[in-house]
1. So, residue 55, is that one closer than 29 Å to residue 88 by Cα, crowded, with 16+ Cβ neighbours inside 10 Å, without any contact (Cβ under 8 Å) to a residue 40 or more places away in the chain and out of contact with any strand residue (DSSP E or B) (no Cβ under 8 Å at 6 or more places or on another chain) or not?
2. Say whether the condition of being in a helix (DSSP H, G or I), touching a helix residue (DSSP H, G or I) at 6+ places or on another chain (Cβ under 6 Å), surrounded by 20 or more Cβ atoms within 10 Å (Cβ to Cβ) and touching a residue at least 60 places away in the same chain (Cβ under 8 Å) is met by at least one residue in region 27-36.
3. If I ask for residues that are under 16 Å from residue 76 (Cβ atoms) and surrounded by fewer than 16 Cβ atoms within 10 Å (Cβ to Cβ), which ones from region 1-26 would you list?
């Protein structure tokens, strides 16, 4: 199992809902085919293969969500990486114009 935890289709769908992205956007960010993502989400509680789980977790992270692995008697989940205030500040800074540069946000 990877360090991010195992994923199910329900956790992936919850992550998309939390971040407000479409299946198409997540599939592109995860670099997996759209139909594969649709199939995985529709599989419900079935475990997603580890290599695909890692790709989807990376894709969700690009939209500001992180996977919370199972532990302490609780199931896996997803949460926002940033608070709403952080997101507003990041959005303001990214959209103020000027030359784009790399950043260290992870």
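1. yes
2. Kept after step one, since they are in a helix (DSSP H, G or I), are these residues of region 27-36: 27-30, 34-36.
Among the residues that remain, those that are also touching a helix residue (DSSP H, G or I) at 6+ places or on another chain (Cβ under 6 Å) are: 27, 29-30, 34.
Next, from what is left, pick out any that are surrounded by 20 or more Cβ atoms within 10 Å (Cβ to Cβ): 27, 30.
Imposing the further condition that a residue be touching a residue at least 60 places away in the same chain (Cβ under 8 Å) reduces the set to none.
There is no residue in region 27-36 that is in a helix (DSSP H, G or I), touching a helix residue (DSSP H, G or I) at 6+ places or on another chain (Cβ under 6 Å), surrounded by 20 or more Cβ atoms within 10 Å (Cβ to Cβ) and touching a residue at least 60 places away in the same chain (Cβ under 8 Å).
3. Of everything in region 1-26, those that are under 16 Å from residue 76 (Cβ atoms) and surrounded by fewer than 16 Cβ atoms within 10 Å (Cβ to Cβ) turn out to be 1, 2, 3, 17.
Since every read-out is calculated from the coordinates, none of them should be taken as a lab result. Predicted model, so just to flag it, every value in this text is computed and none were measured. All Cβ positions, glycine included, derive from the backbone under ideal geometry; neighbour counts span all protein chains shown.
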